[in-house]
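K.L.:
Handing you this structure, nothing more for now.
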Amino acid sequence: MKKILKISEGGQGPLDMVLTQLDIAAQKLKIDPDIHEKLKTPQRILIVSVPIRMDSGKVKVFTGYRVQHSMERGPCKGGIRYHPQVDLNEITALAMLMTWKCAVVNIPYGGAKGGVVCDPSQMSIYEIERLTRRYASEISIIIGPDKDIPAPDVNTNPQIMGWILDTYSMNLGHSVPSVVTGKPICLGGSKGRLEATARGVFFVTEQTCAYKGMSLSSSSVAIQGFGNVGSHSARIIHEHGGKVVAVSDVSGAIHNPEGIDIPKLLAHISQNKALKDFAGGRVISNKQLLECNCDILIPAALEGQITEENAPRIKAKIIVEAANAPTTPAGDKILNERGIFVVPDILANAGGVTVSYFEWVQSIQEYFWSEEEVNNKLRAIMTQAFTEVIALMEQYHVDMRLAAMMLGVGRVAEAGKYRGLWP
Ligand code: NAD
């Protein structure tokens, strides 16, 4: 398994990073070496070929993955990503992060992740639908409401979850809404799920400000990435009086020290798709966004954005990792040395999987909650997790990333101890 995954000791890739974090947490917690060894490799890796007919009439073959890291605490849970840079190492790293994340917020899942190597921006909606249905059929041998429940991630959305639900259900001959989360509300999705990751980001940002003696409403915020997580984070922070001074997407970045008019920007994006032509700010590069003057930086795009190269120039006092693995280990070390407070991904963006859990519970029971109930329960879980991570951080005198890892890994290891080794 290690050979397939190309693990390079001490490297800066997402998998090297996640494994290094696991080793440090396991050492600190003095975890049984046998359990530690087991947690280093995913339980299952499925690689699938996804042939589809393109609109041109030609057949193109894509590659897809589904990695299930751990089932110690329950069925696997994790998003599906469509991106040209998807690879097995990345998907495995993200599956592992999902395991720790579910444990940090104490929901009864293990971690998984899936992805297809493709560029959806170059595909028609019909091609994306055919790709989704074929990929869903291929991975249907290992997914299911009791086995592994996919959700949206980069470049996937409620419509794509709807197609996965339909494909899975058609093959079984009856409707199975609990096979995915993040689906449209009319198919049994949960109120509040679309913006849940961002709402969770907002809750932990608010709590971090309180912990650091700052106030969110008098802080300036820069957000990298303006998709599901980034755009909803900007809107919710703006609605609560925070000043969003810079935002970016793949097309470029804009900066306005007076505060960007987020409702206007959202209206612009819904018409024009790309952010860079918005008139309400000065155009800057994505690189400049990460280093701009702000109190709080929220990376909400892809992995590996904060590195040893740019970490010395980052001006934010707090970084809230809305994206998964946005900081490399070398970048993280510099941020720590500079006293920048980093709220790690496995806590900061856990709001998405938490409301996915609520959605799964509602789908199984076929009994639905109000948005207020969802948001209140989300706040309670995020607050509890934040408080527990801070307590470990203070008890062990470690940074918040290691404290969150210790909480997550410790819970998974405890479950592993009681389950024992089969056979
Ligand atoms: P998305 O596809 O909706 O949005 C991604 C955004 O990032 C887009 O605006 C894109 O233009 C932008 N982007 C891509 N490359 C960029 C670059 N180099 N510089 C600046 N912007 C860039 O994806 P999403 O669902 O919002 O996910 C964003 C991150 O949050 C990912 O790391 C994902 O794993 C993580 N996450 C998502 C969820 C969820 O519920 N969607 C939950 C937890 C974590």
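K.L.:
Only one residue in 145, 158, 152 is within 13 Å of the ligand (Cβ to nearest atom), in contact with a Pro (Cβ under 8 Å, 6 or more places away or on another chain) and in contact (Cβ under 8 Å) with a residue 60 or more places away in the chain, so which one is that?
P.N.:
On the way: 145 fails: within 13 Å of the ligand (Cβ to nearest atom); 158 fails: in contact (Cβ under 8 Å) with a residue 60 or more places away in the chain.
Going through 145, 158, 152 in turn, the sole match is 152.
K.L.:
Working only within segment 155-197, note down all residues that are within 21 Å of residue 124 (Cβ to Cβ), in contact with a Phe, Trp or Tyr (Cβ under 7 Å, 6 or more places away or on another chain) and open to solvent by less than 40 Å² (accessible area, probe 1.4 Å).
P.N.:
Start the filter on segment 155-197 by keeping residues that are within 21 Å of residue 124 (Cβ to Cβ), which leaves 155-164, 166-167, 184.
Now drop any that are not in contact with a Phe, Trp or Tyr (Cβ under 7 Å, 6 or more places away or on another chain), which leaves 155-156.
Matches in segment 155-197: 156 only.
K.L.:
Could I ask something else about it? Consider only pairs whose beta carbons are under 6 Å apart and that are at least six residues apart or on different chains; among these, list those whose first residue lies in segment 213-236 and is among the charged types (D, E, K, R) and whose second residue is in a helix (DSSP H, G or I) and within 16 Å of the ligand (Cβ to nearest atom).
P.N.:
Within 6 Å, the pairs are 235/262.
K.L.:
Can you tell me which residue is nearest to residue 198 (Cα to Cα) among those in segment 222-246 that are part of a helix (DSSP H, G or I) and charged (D, E, K, R)?
P.N.:
Of all residues in segment 222-246, those part of a helix (DSSP H, G or I) come to 228-239.
Subset that is charged (D, E, K, R): 235, 239.
Details: 235: 9, 239: 13 Å.
Of everything passing the filter in segment 222-246, 235 is nearest to residue 198 (Cα to Cα).
K.L.:
Name the residues in segment 161-175 that are assigned to a helix (DSSP H, G or I) and away from the ligand (no atom under 13 Å from the Cβ), would you?
P.N.:
Those that are assigned to a helix (DSSP H, G or I) and away from the ligand (no atom under 13 Å from the Cβ): 162, 163, 164, 165, 166, 167, 168, 169, 170, 171, 172.
K.L.:
Only one residue in 265, 290, 297 is buried (at least 20 other Cβ atoms within 10 Å of the Cβ), within 14 Å of the ligand (Cβ to nearest atom) and farther than 27 Å from residue 328 by Cα, so which one is that?
P.N.:
Working: 290 fails: farther than 27 Å from residue 328 by Cα; 297 fails: farther than 27 Å from residue 328 by Cα.
Going through 265, 290, 297 in turn, just one is buried (at least 20 other Cβ atoms within 10 Å of the Cβ), within 14 Å of the ligand (Cβ to nearest atom) and farther than 27 Å from residue 328 by Cα: 265.
K.L.:
Let me ask something else about it. What is the residue count in segment 233-244 for residues that are within 16 Å of the ligand (Cβ to nearest atom) and either among the basic types (Lys, Arg) or farther than 26 Å from residue 159 by Cβ (or both)?
P.N.:
Taking segment 233-244 first, the residues within 16 Å of the ligand (Cβ to nearest atom) are 233-237, 244.
Still in the list and also either among the basic types (Lys, Arg) or farther than 26 Å from residue 159 by Cβ (or both): 235, 237, 244.
Number satisfying all stated conditions: 3.
K.L.:
If the requirement is being of a type outside the set (D, E, K, R), crowded, with 21+ Cβ neighbours inside 10 Å, within 12 Å of the ligand (Cβ to nearest atom) and more than 23 Å from residue 383 (Cα to Cα), which of these qualifies: 200, 225, 230? Full working, then the answer.
P.N.:
Numbers: 200 fails: more than 23 Å from residue 383 (Cα to Cα); 230 fails: more than 23 Å from residue 383 (Cα to Cα).
Step by step, each of 200, 225, 230 is checked, and only 225 is of a type outside the set (D, E, K, R), crowded, with 21+ Cβ neighbours inside 10 Å, within 12 Å of the ligand (Cβ to nearest atom) and more than 23 Å from residue 383 (Cα to Cα).
K.L.:
For residues in segment 116-142 being of a type in the set (A, V, I, L, M) and open to solvent by 10 Å² or more (accessible area, probe 1.4 Å), which is farthest from the ligand (Cβ to nearest atom)? Can you show your working first?
P.N.:
Pass one, segment 116-142, residues of a type in the set (A, V, I, L, M): 116-117, 123, 125, 128, 131, 136, 139, 141-142.
If we keep only those that are open to solvent by 10 Å² or more (accessible area, probe 1.4 Å) as well, we get 117, 123, 125, 128, 141-142.
On the way: 117: 15, 123: 14, 125: 16, 128: 13, 141: 24, 142: 21 Å.
My answer is 141.
K.L.:
Being within 11 Å of the ligand (Cβ to nearest atom) and either assigned to a strand (DSSP E or B) or not assigned by TED's automatic domain parsing to the domain that holds residue 302 (or both) is the filter here; which residues of segment 247-261 pass it?
P.N.:
Of all residues in segment 247-261, those within 11 Å of the ligand (Cβ to nearest atom) come to 247-253.
Listed by number, the residues that qualify are 247, 248, 249, 252, 253.
K.L.:
Taking segment 300-341 as the search range and keeping residues that are among the charged types (D, E, K, R) and touching a Gly at 6+ places or on another chain (Cβ under 9 Å), which one is nearest to the ligand (Cβ to nearest atom)?
P.N.:
303
K.L.:
Next question. Residues being closer than 16 Å to residue 135 by Cβ and open to solvent by 10 Å² or more (accessible area, probe 1.4 Å): count how many of those fall in segment 88-115.
P.N.:
Total meeting the criteria: 1.
K.L.:
Here is a list of conditions, (1) within 12 Å of the ligand (Cβ to nearest atom); (2) open to solvent by 10 Å² or more (accessible area, probe 1.4 Å); (3) more than 27 Å from residue 143 (Cβ to Cβ), and residue 216 meets all of them except one; can you say which number that is?
P.N.:
(1)
K.L.:
Please state which one of 182, 189 is under 24 Å from residue 377 (Cβ atoms) and either in a helix (DSSP H, G or I) or within 10 Å of the ligand (Cβ to nearest atom) (or both).
P.N.:
Numbers: 189 fails: either in a helix (DSSP H, G or I) or within 10 Å of the ligand (Cβ to nearest atom) (or both).
Within the list 182, 189, the selection yields 182.
K.L.:
Check whether at least one residue in segment 389-399 is surrounded by 19 or more Cβ atoms within 10 Å (Cβ to Cβ), within 19 Å of residue 98 (Cβ to Cβ) and touching a Ser or Thr at 6+ places or on another chain (Cβ under 8 Å), and report yes or no.
P.N.:
No, segment 389-399 has no match at all.
The values are calculated or read from the model by the stated rules, or taken from the named source; none is laboratory data. Note that the structure is a prediction, hence the values are computed from the model and not measured. Glycine gets a Cβ as well: all are built from the backbone with ideal geometry, and neighbour counts include every protein chain shown. The area values use the complete protein model at the heavy-atom level, side chains included, leaving out ligands, DNA and RNA. Shrake-Rupley method; radii C 1.70, N 1.55, O 1.52, S 1.80 Å.
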